[in-house]
Amino acid sequence: MASTTAHTGKATAVAAGNGGVTTPEAHDSARCGVLPARQWPNIQVEPEDLPAPGEAVEDLETPVLVVDLDRMEANIRFVQAYCEQLGVRNRIHIKTHKIPQIAARQVAAGAAGITVQKLGEAEVFAASGLGFDDIFLPYNLLGAAKLRRLRAFLERYPGIELSLTCDSTVVAEGLSTVTRQVGRRLKVWVECDAGLGRAGVTQPGHALDLAGAIERLPGLTFGGLMSFTADAEPSVAFMTAALAVFRSAGRPAPEVTMGGTRQLRWVEQVPGVTEHRPGTYVFHDRQTVLQGGWSFDDCAGTVRTTVVSRPTAERGILDAGSKAITPETMGLDGLLGHIVEYPEARLYRLSEEHGYADFSAYPEAERPQVGDVLAVVPNHICTTVNMFNWLVGARNGRVEVVWPVAARGRVR
């Protein structure tokens, strides 16, 4: 595969207009490092040297995010087959990789469509031209700015079926207003809080009431019930009760979509599930290994990092800090990643540009030396990917492709 060009790196500011700040207000602002928006400079970015196809992974400048393509492809095949065995649609979540080219591989393997978490991600994937015509956005869209963007999306992409969620009539009414403006119908699901304590209706009866409200609003169709939860027991209890409420009201059983890679292991326990939305499985991370039952041999994504200092006999300092490996503990053991070459080592602290590792579990002669390159499986691969402008896809220790993380930073 050919390498995909991405740009980042040094920036040179070139003043707009006549080449300088002319007003007193602008001059005062400039001294504080701030320019009015109309006088923002054009930014010229010098391209960063990207790895070349065929280059050895061991020679890559660090820190760098590397994906083992054989493992990634095996993960894609396994989860697709698993969902088919369970009889549920596999609607993959792109929040893990944020890369249209990877999602295209998942869809080609049989995924029913894609899930995005923000409208900005939907915009990136729709604009990719890779045929994503079924997009689910399970997030409340609120406010005039969001609804203007939603309208623009629907007008620009009439061939894409975009489904949304809500947990209140306030959100549903805004969506209905947009459908009337563009002359399209939207499928809207009810988000349910099945134990996570985040967004969503908290009572099964409220799900029925909101479903009815959705159906009464012009331009909206009730899609079903959507949830994401950390544990099987509350999800089973909520969905069992919700289906009973719908039956008692003489309503057909709604579609049920739930999500999470770890949750795949107990999806068949939850009544009525028709669709699942796994994301992390494509790369896996330390959380899915320790809490989800997968193996470190399934982990396709690692951050390669160099030992830049050995200040003491026990401590090693890595060049990957919190700007390369996000410091989430994820309810695990307080450590911040798994060092592949030294599985008993403790990655115990991250500052911005430094990782702190304790190698005292190993005899002194076996500990890494300054200049050694190590691979770290982060606790949370999704947020770690979001730290990089691009990642390397490798096979048999050689670079095969470089992908820009196209939806990186699309948090709106």
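Take the conditions surrounded by 15 or more Cβ atoms within 10 Å (Cβ to Cβ), within 20 Å of the chain's Cα centre (by Cα) and not in a loop (DSSP other than H, G, I, E, B) and apply them to V376. Does it pass?
Numbers: surrounded by 15 or more Cβ atoms within 10 Å (Cβ to Cβ): yes; within 20 Å of the chain's Cα centre (by Cα): yes; not in a loop (DSSP other than H, G, I, E, B): yes.
In short, yes.
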Problem set entry | Tally of residues being in contact with a strand residue (DSSP E or B) (Cβ under 9 Å, 6 or more places away or on another chain), assigned to a loop (DSSP other than H, G, I, E, B) and under 19 Å from M387 (Cβ atoms) across the stretch 341-355 | 1
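In the set L264, L162, L208, L175, which member is outside any helix (DSSP H, G or I) and buried (at least 19 other Cβ atoms within 10 Å of the Cβ)? Walk me through it before giving the result.
Values: L264 fails: outside any helix (DSSP H, G or I); L208 fails: outside any helix (DSSP H, G or I); L175 fails: outside any helix (DSSP H, G or I).
Result: L162 is the single residue among L264, L162, L208, L175 that is outside any helix (DSSP H, G or I) and buried (at least 19 other Cβ atoms within 10 Å of the Cβ).
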Problem set entry | Number of positions in the stretch 304-324 that are aliphatic (A, V, I, L, M), over 12 Å from Y356 (Cα atoms) and surrounded by 19 or more Cβ atoms within 10 Å (Cβ to Cβ) | 1
Exercise. Name the residues in the stretch 244-261 that are without any contact (Cβ under 8 Å) to a residue 24 or more places away in the chain and of a type outside the set (S, T, N, Q), would you?
Worked result: R247, G250, P252, A253
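For a quick check of your reading: which helices (runs of 4 or more DSSP H) sit entirely within the stretch 17-123 and have at least 1 residues that are under 27 Å from W294 (Cβ atoms) and either modelled with pLDDT of 95 or more or not polar (S, T, N, Q) (or both)? Let's see the steps before the verdict.
Details: elements: 24-31, 69-86, 100-108.
It comes to 69-86, 100-108.
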Exercise. Which ones in the stretch 303-326 are touching a strand residue (DSSP E or B) at 6+ places or on another chain (Cβ under 9 Å), free of Cβ contacts under 8 Å to residues at least 60 places away in the same chain and more than 25 Å from A394 (Cα to Cα)?
Worked result: P311, E314, R315, G316, I317
Exercise. Given A241, A230, A211, which one is of a type in the set (G, A, S) and in contact (Cβ under 8 Å) with a residue 40 or more places away in the chain?
Worked result: A211
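For T274, indicate whether it is surrounded by fewer than 20 Cβ atoms within 10 Å (Cβ to Cβ), more than 17 Å from the chain's Cα centre (by Cα), polar (S, T, N, Q) and assigned by TED's automatic domain parsing to the domain that holds A237. Steps first, please.
Numbers: surrounded by fewer than 20 Cβ atoms within 10 Å (Cβ to Cβ): yes; more than 17 Å from the chain's Cα centre (by Cα): yes; polar (S, T, N, Q): yes; assigned by TED's automatic domain parsing to the domain that holds A237: yes.
In short, yes.
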Problem set entry | Residue check for L391: out of contact with any helix residue (DSSP H, G or I) (no Cβ under 8 Å at 6 or more places or on another chain), modelled with pLDDT of 95 or more and within 28 Å of L50 (Cβ to Cβ) | no
For this session: Please work out which one of (1) under 24 Å from I114 (Cα atoms); (2) modelled with pLDDT of 95 or more; (3) touching a helix residue (DSSP H, G or I) at 6+ places or on another chain (Cβ under 9 Å); (4) surrounded by fewer than 19 Cβ atoms within 10 Å (Cβ to Cβ) is the condition Q203 fails and give its number.
Result: (1)
Seminar exercise, completed: Restricted to the stretch 183-200 and to residues being exposed (fewer than 14 other Cβ atoms within 10 Å of the Cβ) and within 28 Å of the chain's Cα centre (by Cα), the residue farthest from G272 (Cα to Cα) is R185
Exercise. Regarding F132, is this residue part of a loop (DSSP other than H, G, I, E, B), of a type in the set (F, W, Y), surrounded by 18 or more Cβ atoms within 10 Å (Cβ to Cβ) and in contact with a helix residue (DSSP H, G or I) (Cβ under 9 Å, 6 or more places away or on another chain)?
Worked result: yes
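The values are calculated or read from the model by the stated rules, or taken from the named source; none is laboratory data. Keep in mind that this is a model prediction, so the values were computed, not measured. Methodologically, a virtual Cβ is constructed for each residue, glycine included, from the backbone with ideal geometry; neighbour enumeration extends over all protein chains shown.
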